[in-house]
Amino acid sequence: MVNSFVLSWEKLKNQGIDALCVTKSLYERGQVFIAEEITGKTDFSPEELRAGILKNVITRSENVTLVGDDECIPFFKLENPASDADVCVLSDNPYGCLEEEFLVPDFPVSRIPSDRRNPDFLLYFIRNAADKVSAVKRRGVSAEVWEKASSEVYAVLSPEAPLILSPPAKRGNLDEDMLSADKSLLYFNVHGDKKRALWFGQGTHEYPPLLSSSDIISADKNCVVSEACYGALLDKRGKDDSIPIAFLKKGAQIFVGSTTISYGPYSPPSQEADLIVKYFLQYALRGFPAAQALKNAKVDYSRKMIRQQGFLDEDDKKTLLQFVVYGLAGTFLTLK
């Protein structure tokens, strides 16, 4: 597989990152394209970068990995099709779309986020990134109220341990395998928070805090999949890391999640976030690289909804736009 990477030399340097070392390390893994060169601009828009990728990158590649956070390689800020509190939907879909219809990518796209507060992280991740992740363990945690819906998704993993429910699970008593497991596939169907790096469970009358970025001890060679609202948000949150950055810093190789408010049912059949994640897991566990697995999941999701109801409703469209992959596009899972 030919891997292609797109980075902004100047914007990485503005974050205190050694852009030369990053570029050299990426050349060992595939083709590297400099955003300033393929756009002809030092201050480019996402639309201009997408045009440069379509003209110069995808004609010579099978996938694209964007290198850097939203300051370096901007997310597209797309109109929110759903009636909720999100002003827009942050999405990487357009970078993988050949036409001006952004719901389903035509080719796989992932992102390796940078972290201004820890400039060494990006180079460390690239040098230690694995082409293959072996999921020795498969664990999951769900808000108690979503037990039935989560169990249908979790069953795809053929896990050796039962689904953890929150409550009773909460910060301080969450299973150690969710906080310090290595070579694992971790599944979360919980609540997220736009302003804090914190995930919550939900019971009949309570929303117990479940996981903070500071709780993650180790995640070496893990794949983490989350349905949490804002589960994949990278925005600055004071002194705290976002949870996806925390997992990646602790060694996770793949993180899949939603950048905005996501939706899902209380019980089967799987819909919206449940269905996207279910399809992603099915493809990933069949050996498809992470970015290809999410692309295929979005294709299958849109086809199913159109067959089932004749159209994509507002929540369907938002679901297709909001899920992203962090990590190398070509990293794939194996089971042991």
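Simple point charges give the picture: +1 on the Cβ of Lys and Arg, -1 on the Cβ of Asp and Glu, and for the chain a dipole about the Cα centre of about 800 debye. Computed from Cα positions, the angle between helix 46-56 and the longest principal axis of the chain comes to roughly 70 degrees.
Sorted on the mean count of surrounding Cβ atoms within 10 Å across their residues, most packed first, peptides 299-311, 210-222, 20-32 read 210-222, 20-32, 299-311.
Going from the fewest other Cβ atoms within 10 Å to the most, the residues T331, T319, T260 appear in the order T331, T260, T319. Placing +1 on each Lys and Arg Cβ and -1 on each Asp and Glu Cβ, with no other charges, gives segment 3-128 a dipole about its Cα centre of roughly 600 debye. Of interest is the spacing of the C-alpha centroids, which for segment 187-255 and segment 291-316 amounts to 26 Å. Any chance you could check the Cα centroid distance between segment 47-105 and segment 136-166 for me, in angstrom? Between the Cα centres of segment 47-105 and segment 136-166 lies a distance of 31 Å.
Over 28 Å apart at the Cα level, from the set K41/K194; K13/K249; K249/K336; K148/K318; K137/K249; K24/K250, are K41/K194.
For segment 242-288, the set of trypsin sites (Lys or Arg not before Pro) satisfying both a DSSP loop assignment and a count of at most 14 other C-beta atoms within 10 Å is given as R286. Comparing F76, F188, F44, which has the greatest mean-square fluctuation in the GNM of the chain with Cα pairs linked when under 10 Å apart? The residue with the greatest mean-square fluctuation here is F44.
Cβ under 15 Å from A35's Cβ, A35 left aside: what net charge do those residues give with Lys, Arg +1 and Asp, Glu -1? Net charge around A35: -4.
Readers should treat all values here as calculations from the given coordinates under stated rules, not as data from a laboratory. All values reported here derive from a predicted model rather than from experimental measurement. Neighbour counts run over all protein chains shown; Cβ positions are idealised from the backbone, glycine included.
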